[in-house]
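Take a look at the structure set out below.
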Amino acid sequence: MKKQLIFLALFICSLNAETITLTSEQEANWKIKTEIPKSSDRLPLGEFIVEVVTPPSLLHTVSLPFEANVQILNVARYEKVDKGGILAEVTGTEWIETQQKAIAEVIEFRHHQHLTERKNLLCKEEIIPQKECMIANAELETDRIKVFASKAMLKSYGASDEMIDKLLKDLTLFPTIEIKSSVKGSVVQLLAAPGKSISPTEALFVIQQDGPLWIESSIEAYRAEVLREAQKVEIVLENHTFDSSILQISPVINHENQTREIRFLVPSDIKIFPGLRNSAKIILLEQCIKIRKDSVIKVGEAQVVFYKNKHGYTPLPVDIVSEDNQYYFVKPSPLLKNKIAISSVAILKSMLGNEDE
């Protein structure tokens, strides 16, 4: 590989060193036309099959930490929901037992609280030993911790602060509990149904939160060499044209088709939907030079143009990044600010002593 690079470098140097001198009559007879290559701030990468996907961070799964039975279902699949909206009402043995345990611990705490208050008064008047007050206060603190743990358990089951306060104040059980959405979005998966029992390992709902989506595509590894993360691009997909950027480029090449996975960001105001699969044009928003295809010819292993200077026409290898129907798009070069031959380039090549390929 190193020898090949050295050979190519020497070949390019030899090309640049060789200038073809022509008279005005020769240029006219051979109909050699020239023009200055156009600069562009848009570099077409190509057209690729892309898929619109939902970022994992926008998918929220609603499940329960206990086995439950769905009593009331308030939403349907694909229905929009607000944050805090009630999705369903469920009940379950664990839910009832957890409430009963919390009530029992509150009753025990209140009982010890009254006993401790009386003992503290007696200790203050030195009617009973201080040791009994210390024991009573320690037991009360233990009961306080148990009540706090019960509140935390009820909260983990989905109980609101208002429900917990009412439960522990009135000591009245709630037969069902409301399942609420933690985000605003749409129900994309609905696994709950009235009367259905749900285990803790099952999801009841999957809600897609509103937010920017991703576009993913497999792009040939050699084309992906010009890409970098955070690079600005323009994407044309169906009837949408929008600016985007590259989020991630896979660090590995798919050995089966020699492609790399590229992920782009879709702005929030672009109305396309997950699951869409179609071809899209991807355009890099960076400087390049547009060269007519007729002006490029292959000399050895290099793609070459002939630029005009005061001595004549000098061959110049160009680095082609992409192409469309009319143009090659190449990396900028100071020499490409000169006029280049756009016709009869095969004649100029023959004058180098190379046969056309």
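The values are calculated or read from the model by the stated rules, or taken from the named source; none is laboratory data. As the structure is a prediction and not an experimental result, all values here were calculated from the model. Every residue, glycine among them, receives a Cβ derived from its backbone with ideal geometry; neighbour counts consider all protein chains shown. The accessibility values were calculated without ligands, DNA or RNA, using every heavy atom of the protein model including side chains. Shrake-Rupley method; radii C 1.70, N 1.55, O 1.52, S 1.80 Å.
Give the accessible surface of the chain per residue, rounded to a whole number of Å², with probe radius 1.4 Å and ligands, DNA and RNA excluded.
Values: 21050 Å² over 357 residues.
Here the residues of the chain average 59 Å² of exposed surface.
Charging the Cβ of each Asp and Glu at -1 and of each Lys and Arg at +1, and nothing else, the dipole of the chain about its Cα centre rounds to 1120 debye. Among the listed values (1) 1.82; (2) 1.00; (3) 1.08, the one computed from these coordinates for Cα Rg over 2.2 N^0.38 Å is (1).
A straight line joining the Cα centroids of segment 76-96 and segment 211-258 runs 38 Å. In the chain, what percent of the accessible surface is made up of carbon and sulfur (1.4 Å probe, ligands and nucleic acids excluded)? The value for the chain is 53 percent carbon and sulfur by accessible area.
Relative contact order for the chain: 29 percent, from Cα pairs under 8 Å spaced at least 6 residues apart, divided by residue count.
Taking 22 Å as the cut-off for C-alpha to C-alpha distance, list the pairs among Lys232/Lys271; Lys80/Lys271; Lys281/Lys331; Lys80/Lys232 that go past it. Walk me through the intermediate numbers first.
Details: Lys232/Lys271 20 Å; Lys80/Lys271 16 Å; Lys281/Lys331 20 Å; Lys80/Lys232 33 Å.
The pairs that break the limit, which is 22 Å between Cα atoms, are Lys80/Lys232.
In a reduced charge model with +1 at each Lys and Arg Cβ and -1 at each Asp and Glu Cβ, segment 202-357 shows a dipole moment near 900 debye about its Cα centre. Comparing Gln248, Ser57, Ile235 along the charge dipole axis of the chain, the residue lying farthest to the positive side is Ile235, per the Cβ-charge model. A protection proxy built from the mean count of other Cβ atoms within 10 Å ranks the segments 242-249, 121-128, most packed first, as 242-249, 121-128. Partner aspartates and glutamates whose Cα lies under 18 Å from the Cα of Lys31, excluding those fewer than 8 positions away in the same chain, are identified as Asp294. Within a straight-line Cα-Cα reach of under 16 Å, Lys131 can be paired with the following lysines, leaving aside sequence neighbours fewer than 8 residues apart in one chain: Lys119.
Descending by average beta-carbon neighbour count within 10 Å, the peptides 66-78, 304-316 line up as 304-316, 66-78, the highest first. On a 18 Å Cα-Cα criterion, which of the cross-link pairs Lys33/Lys349; Lys298/Lys337; Lys33/Lys337; Lys308/Lys349 come out too long? Going by Cα-Cα distance, Lys298/Lys337 fall outside the 18 Å limit.
If you count, for each residue, the other Cβ atoms within 10 Å and average over each peptide, how do 344-351, 133-140 line up from highest to lowest?
Listed from highest to lowest mean packing, they are 344-351, 133-140.
Entry note, the chain: the mean residue ellipticity at 222 nm calculated from DSSP H runs of n ≥ 4, each adding -39500 (n - 2.57), is -9000 deg cm²/dmol after division by the residues and rounding to the nearest 500. Dipole of the chain computed with +1 at Lys/Arg Cβ and -1 at Asp/Glu Cβ about the Cα centre; of Ile20, Leu140, Ala193, farthest Cα towards the positive end is Ile20. Dipole size of segment 92-202 about its Cα centre, with +1 on Lys/Arg Cβ and -1 on Asp/Glu Cβ: approximately 260 debye, rounded to the nearest 20.
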